[in-house]
1. Once phi is turned into ³J(HN,Hα) by the Karplus curve 6.51 cos²θ - 1.76 cosθ + 1.60 with θ = phi - 60°, what whole-Hz value does each residue of the stretch 53-59 show in order, with x for glycine and proline?
2. Treat each spin label as a single point 7 Å out from the Cα along the C-beta direction, and report the residue 50 to residue 128 distance in nm.
3. Would you kindly find the accessible area of residue 28, with a 1.4 Å probe and non-protein molecules such as ligands, DNA and RNA excluded, rounding to the nearest 10 Å²?
4. From the protein chains alone at 1.4 Å, what is the descending order of accessible area for 67, 41, 116, largest first?
5. What list of ³J(HN,Hα) values in whole Hz, one per residue of the stretch 134-141 in order, does the Karplus curve 6.51 cos²θ - 1.76 cosθ + 1.60 (θ = phi - 60°) give from phi, with Gly and Pro shown as x?
6. Could you order 45, 30, 79, 124 by accessible surface area, starting with the largest, using a probe radius of 1.4 Å?
7. I'd like the accessible area for residue 74: 1.4 Å probe, protein heavy atoms, all chains in place, Å² to the nearest 10.
8. Which percent of the accessible area of the chain is formed by carbon and sulfur heavy atoms (probe 1.4 angstrom)?
Amino acid sequence: MADHTILGIPGALRAGSTNRQLLAEAIRLYGPAEVTIADLRLPLYDGDLETSEGIPDAVTTLHAQIRDADAVIISSPEYNRAITGVLKNALDWVSRVKGGPWAGKPVAVMSANDGRAGGEVGQYTVRHALTPFRPKFILGPVVAVADSSNAFDEDGRLKDERYVKALTAMMETLRAEVELGRQSTR
């Protein structure tokens, strides 16, 4: 039964990104849920654009998707030891819309990178950028897939059981957090 709503946010735009594959694996391991994948193809944040034209419709849509989801899963590569520009731009735009959609929202952050650390520093900067919005981070286990271009089989599944085990535990924790949140609002 798909009574949970999940928003997946890939921090890379490329269709074949290993972070999109990792996001798909996370969603599969989460179990039954209604899933939406965010589109981060937004204009660069520009205060003059906001003043002259208002908040773009795509930003308003993303804000509503975050607000309406039971939980958010972010899978993002690390670019130059930091958050990707596309993800940071999306966070900046969403912060301009009234009403904080992130507050108390369960959020799982993971990464896949070709480097040997799997994007751990990038994950730190994603959490750092989200911290002012007060989400409820799922803190462990860390899922940072190293050598990501070789980490998935032809079906898009993770090959290394250690990653599967960590990702499964993270998704079980995320699901439990959604259930806990639902119980506290009853």
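The values are calculated or read from the model by the stated rules, or taken from the named source; none is laboratory data. Keep in mind it's a predicted model, so treat the numbers as computed, not measured. A quick note on method: Cβ atoms are made from the backbone with ideal geometry, for glycine too, and the neighbour counts reach across all protein chains shown. Just the protein is used for accessible areas: all its heavy atoms, side chains included, with ligands, DNA and RNA removed. Shrake-Rupley method; radii C 1.70, N 1.55, O 1.52, S 1.80 Å.
1. Values, residue by residue: 10, x, 6, x, 4, 5, 6 Hz.
2. Once both label points are built, they end up 2.2 nm from each other.
3. Here the accessible area works out near 100 Å².
4. Result, largest first: 116, 41, 67.
5. 6, x, 9, 6, 8, 8, x, x
6. 124, 79, 45, 30
7. Looks like 0 Å² after rounding.
8. Details: 4810 of 9480 Å².
Solvent-exposed carbon and sulfur of the chain make up 51 percent of the total.
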